[in-house]
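Chemist: Pasting in a structure now, in structure tokens, and then I'll have a few things to ask.
The values are calculated or read from the model by the stated rules, or taken from the named source; none is laboratory data. Since this is a predicted model, take the numbers as computed values, not measurements. Positions of Cβ are backbone-derived with ideal geometry, glycine not excepted, and every protein chain shown enters the neighbour counts.
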Amino acid sequence: MRREPAPTGGNMIAGLYKAHLSSGRGRLGEMFGGHVESSSSGSRVVTEDGRSFLNCGGYGVFLAGACHPRVVAAVERQIRTHPLSTRLLLDPAAARAAAALTRVTPEGLDRVHFCGSGAEAVEAALKLARSHGHRRIVATEGGFHGKTLGALSATGKDLYREPFQPLLPDTTHVPFGDVGALARALGPDGSDAVVIVEPVQGEAGVVVPPVGYLKAIAAVCAETGAFFVLDEVMTGLGRLGSWWGADREGVVPDVLLVGKALSGGVIPVAAAVATERAFAPFDRDPFIHTSTFAAAPVAMAAAESAIAVIEDEGLVERARRLGELLLPQIAGAVAEYCPHLVREVRGAGLLIGIEFHDAGLAGEFLLELLHRDVIVNHSLNAHAVVRLTPPAVLTDAEAQELEQAVRDSARTLGERFPVPSHGLSTPTGGR
């Protein structure tokens, strides 16, 4: 029987995706050019053909860049000595990572449950809330908290929720930024409810709430007796130009969720950090919520080192200053070349969103940036928003490279889709 030639490069990897992973993901990779990642360092991702991309994507993971030498060294030491624990004896790596994390979280958040992903951190928080009698969930429209069943119940996007109904019962979604709607949903007695919210909605398209929103939520929760969970998986550890979104308004939730940047861009890790009162059920019974690979020593080494890198290299302040530089530059480029295609440019720190009039235009812009060797993401809950999450280790030259790529991409889109003579309606676009 005649054999077909074996596919190579991107074709081979896309074929393997289609055969063994997700055929849809394989097709998506082909649509984005079939590039195959082979290595990464700092702000760069290199493909098999030697092409170097500026990584402003990664869903917020790479605050400290990729393969930071201090994080890699810590992980390598741990791998060579004790990568996984017995789960019976005490593990010093977990103890040190917890101490490091609680040192930089808002005062009063002193108990840590480590896990492998943001969604797992959400599940831990929901179980803590339930253990205190808070069974009713009040979340926000457009909010994103993960796709496991409990986390998906809180996620405010029907696209992901509907195929898996019924989810957790007694779940309500209110408009983000509307404290009055939240208060009405809780009612005068919210002692049976848990409120979960993000300081800035990332997957909803970088939606920044009114000033005072978190403080008002904390006040409503305190008044009604509701349990307050602040999801900072995307925003925490410096992404907003402050250590935490909570710091911007001086709030201390019952549970703070951490992830993405905690990995140091090397090992997946997340955490739920709680007050002593909120964590009490896990203190009483250490086996009530466990996972074989939770707090794995190799992940703990990455987390402890990542926190040290963020502290020692001043990455929180660097994120703030870079954001103050990049946001007006990006907004200015869009305003100059394609204002008729864009609704708004918004952001905080190094979490920046460009909202187009439709998802097709957002896809065109993402492809233009990719053509210019810049990786960004679309927003899962707002497909018309292109989201940029540059690393805080971005050099001044790389910041200029990013600005130029945005400017050239905006110019190309403006020329491809000029203002129609009959008004400002925008085409869907397509190559």
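Chemist: Taking residue 138 as the residue in question, decide whether it is of a type in the set (A, V, I, L, M, F, W, C), buried (at least 23 other Cβ atoms within 10 Å of the Cβ) and either not in a helix (DSSP H, G or I) or not assigned by TED's automatic domain parsing to the domain that holds residue 93 (or both).
Modeler: Yes; evaluated as a whole, the condition is true for this residue.
Chemist: Of the numbered conditions (1) buried (at least 24 other Cβ atoms within 10 Å of the Cβ); (2) within 20 Å of residue 387 (Cβ to Cβ); (3) in contact with a Ser or Thr (Cβ under 9 Å, 6 or more places away or on another chain), residue 196 satisfies every one except a single condition; which is it?
Modeler: Just one mismatch for residue 196, condition (2).
Chemist: Another question, then. Report, by residue number, each residue of the range 220-268 that is of a type in the set (S, T, N, Q) and either at pLDDT below 95 or over 27 Å from residue 172 (Cα atoms) (or both).
Modeler: 242, 263
Chemist: Now for a separate question. Keeping to the range 279-303, report how many residues are assigned to a helix (DSSP H, G or I), surrounded by fewer than 24 Cβ atoms within 10 Å (Cβ to Cβ) and not aromatic (Phe, Trp, Tyr).
Modeler: Within the range 279-303, residues that are assigned to a helix (DSSP H, G or I), surrounded by fewer than 24 Cβ atoms within 10 Å (Cβ to Cβ) and not aromatic (Phe, Trp, Tyr) number 6.
Chemist: What pairs can you find where one residue is in the range 197-225 and outside the structural domain of residue 257 (by TED's automatic domain parsing), the other is surrounded by fewer than 17 Cβ atoms within 10 Å (Cβ to Cβ) and among the small types (Gly, Ala, Ser), and their Cβ atoms are less than 6 Å apart, with a gap of 6+ or different chains?
Modeler: none
Chemist: Please work out if residue 112 is closer than 30 Å to residue 9 by Cα and among the hydrophobic types (A, V, I, L, M, F, W, C).
Modeler: The answer is no for residue 112.
Chemist: Shifting gears a bit: Looking only at the range 148-183, count how many residues are more than 15 Å from residue 204 (Cβ to Cβ), among the charged types (D, E, K, R) and touching a helix residue (DSSP H, G or I) at 6+ places or on another chain (Cβ under 9 Å).
Modeler: 0
Chemist: In this structure, is residue 37 at negative phi and in the same structural domain as residue 146 (by TED's automatic domain parsing)?
Modeler: It is false that residue 37 is at negative phi and in the same structural domain as residue 146 (by TED's automatic domain parsing).
Chemist: Taking the stated definitions as given, is residue 94 more than 20 Å from the chain's Cα centre (by Cα), touching a residue at least 12 places away in the same chain (Cβ under 8 Å) and under 30 Å from residue 144 (Cβ atoms)?
Modeler: yes
Chemist: Now for a separate question. Within the group 384, 308, 392, 319, which residue is of a type in the set (A, V, I, L, M) and more than 21 Å from residue 208 (Cβ to Cβ)?
Modeler: So the residue among 384, 308, 392, 319 that is of a type in the set (A, V, I, L, M) and more than 21 Å from residue 208 (Cβ to Cβ) is 308.
Chemist: Given the criterion touching a Gly at 6+ places or on another chain (Cβ under 8 Å) and in a helix (DSSP H, G or I), identify the matching residue among 320, 346.
Modeler: 320
Chemist: Can you name the residue in the range 226-248 that is without any contact (Cβ under 8 Å) to a residue 40 or more places away in the chain and either among the basic types (Lys, Arg) or in a loop (DSSP other than H, G, I, E, B) (or both) and is also surrounded by the fewest Cβ atoms within 10 Å (Cβ to Cβ) among such residues?
Modeler: 232
Chemist: Kindly list the number of the only condition in (1) buried (at least 16 other Cβ atoms within 10 Å of the Cβ); (2) without any contact (Cβ under 8 Å) to a residue 60 or more places away in the chain that fails for residue 80.
Modeler: All conditions pass for residue 80, except number (1).
Chemist: Could you give every pair whose Cβ atoms fall below 7 Å, whose first residue belongs to the range 46-65 and is within 22 Å of residue 317 (Cβ to Cβ), and whose second residue is among the acidic types (Asp, Glu) and surrounded by fewer than 24 Cβ atoms within 10 Å (Cβ to Cβ), counting only separations of at least 6 or pairs across chains?
Modeler: Taking only residues 6 or more apart or on different chains, the pairs are 54/373; 54/398; 54/401.
Chemist: Failed condition for residue 84, given (1) touching a strand residue (DSSP E or B) at 6+ places or on another chain (Cβ under 9 Å); (2) in the same structural domain as residue 304 (by TED's automatic domain parsing); (3) among the hydrophobic types (A, V, I, L, M, F, W, C), with all others met?
Modeler: Residue 84 satisfies all of (1) touching a strand residue (DSSP E or B) at 6+ places or on another chain (Cβ under 9 Å); (2) in the same structural domain as residue 304 (by TED's automatic domain parsing); (3) among the hydrophobic types (A, V, I, L, M, F, W, C) except (1).
Chemist: Among the residues of the range 380-393, count how many are buried (at least 24 other Cβ atoms within 10 Å of the Cβ) and over 17 Å from the mean Cα position of the chain (by Cα).
Modeler: 0
Chemist: I'd like to check something: does the range 329-341 contain any residue that is at pLDDT 95 or above, on the phi < 0 side of the Ramachandran plot and either touching a Phe, Trp or Tyr at 6+ places or on another chain (Cβ under 7 Å) or in the same structural domain as residue 156 (by TED's automatic domain parsing) (or both)?
Modeler: Scanning the range 329-341, I find at least one residue that is at pLDDT 95 or above, on the phi < 0 side of the Ramachandran plot and either touching a Phe, Trp or Tyr at 6+ places or on another chain (Cβ under 7 Å) or in the same structural domain as residue 156 (by TED's automatic domain parsing) (or both), so the answer is yes.
Chemist: Can you tell me which of 360, 353 is in a strand (DSSP E or B) and either surrounded by fewer than 22 Cβ atoms within 10 Å (Cβ to Cβ) or touching a strand residue (DSSP E or B) at 6+ places or on another chain (Cβ under 7 Å) (or both)?
Modeler: 353
Chemist: If you don't mind, another one. Hey, could you check the range 68-113 for residues that are among the aliphatic types (A, V, I, L, M) and outside any helix (DSSP H, G or I) and say which is farthest from residue 291 (Cα to Cα)?
Modeler: 109
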